[in-house]
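What follows is a set of notes on a single structure, which appears directly below.
Every number in this text was worked out from the coordinates using simple rules, so none of it is lab data. The model shown is predicted, which means the values in this text are computed figures rather than measured ones.
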Amino acid sequence: MATLFSHSRHLLLVSSYLLSGGLALLTVGLLLAYGWQAHLTIATQVLGHSLVILGPTLLKVGYILRLVAHHQLHKECPHALA
């Protein structure tokens with residue numbers, strides 16, 4: 001875990017993946033849970049509702065990691081992000 005936080009550019013890349021993945025899971029979850037609910041089985045609807053919870057969670061974690069990465073980058077080189 002310490003390796004993840006030691007490289008700020010790598011952390012920024014991981015945060016971008018988490019943000020993209022969270023948005024994708026939220027979108028798929030909304031479509032499954034609310035868009036096509038009349039055509040799907042109950043198990044698929046439960047999966048959709050689970051994705052509606054998991055997607056925003058990944059978005060929040062990705063956003064926090066992005067803030068940490070930007071903070072570390074600013075400490076390394078204060079004029080780089082200006």
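Descriptive notes on the structure:
- Helix 42-76 axis versus longest C-alpha principal axis of the chain: approximately 10°, rounded to the nearest ten.
- Residue-averaged 222 nm ellipticity for the chain, from DSSP H runs of 4+ at -39500 (n - 2.57), nearest 500: -26500 deg cm²/dmol
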